[in-house]
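Computed from the coordinates by the stated procedures, all read-outs in this text should not be read as laboratory data. Remember, it's a predicted structure, so these values are computed and weren't measured experimentally. Backbone-built Cβ (ideal geometry, glycine too); neighbour counts: all protein chains shown.
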Amino acid sequence: MQQVWSVLTENHHLQQWMGNLEIVDARKNGKMHFHMLDGTDAFVDMRITDYEEPKLFAFEWDKDHVRFELQLSEASTVLTLTETLQELTAHTPKDLAGWHICLQLFEGVLQGVSEQEFPMKDWEKYYGEYMELLKEM
């Protein structure tokens with residue numbers, strides 16, 4: 001469980017699977033930065049809404065909310081990601097596809113894979129799939 005928590009919350013690991021994020025103050029009501037990665041030093045402040053080591057990490061995600069929960073299950077750790085959406089927008093399928101890819105990269109970090117490239121073709125595939133799913137809603 002500690003290894004999963006470390007990949008989730010330590011910046012040198014976190015940035016291997018979600019390069020935009022940086023934890024500034026790791027505590028409830030602490031702060032994170034979402035770096036734009038657009039060639040500027042621009043970032044958005046995000047509030048950490050819950051932080052309970054080693055099992056709960058939650059933060060603002062623009063108008064939405066992201067929550068990671070870790071639970072022991074026999075010989076493994078179960079990681080649950082919940083994103084609470086205030087409304088469906090044109091950006092929603094992009095976020096969902098991004099989280100899908102980030103969780104795959106997260107798994108790679110846990111397996112010791114270093115220097116992973118963001119698989120844009122896979123993201124495009126998932127983006128299309130999430131677009132179709134959201135059309136049904």
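Numbers for the structure displayed
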item: HN-Hα J in Hz across the range 24-35 - Karplus 6.51, -1.76, 1.60, θ = phi - 60°, x for Gly and Pro; result: 9, 9, 7, 6, 4, 6, x, 9, 10, 10, 10, 7
item: Tensor-based shape of the chain (alpha-carbon gyration tensor, a/c under 1.5 rounded, otherwise prolate or oblate); result: rounded
item: Within the chain, longest stretch free of exposed GluC sites (Glu not before Pro) [DSSP loop, at most 13 other beta carbons within 10 Å]; result: 11-73
item: Other-chain or far-sequence residues with amide H under 5 Å of GLY30's (modelled H); result: ILE48
item: FRET efficiency, GLN3 to LYS28 (Cβ-Cβ, R0 25 Å, nearest 0.05); result: 0.65
item: Residue with peak Gaussian network fluctuation, the chain [Cα springs, cutoff 10 Å], from LEU37, LEU110, LEU85; result: LEU37
item: Among GLY19, GLY30, GLY112, residue whose mean-square fluctuation peaks in a GNM of the chain (springs only between Cα atoms under 10 Å); result: GLY112
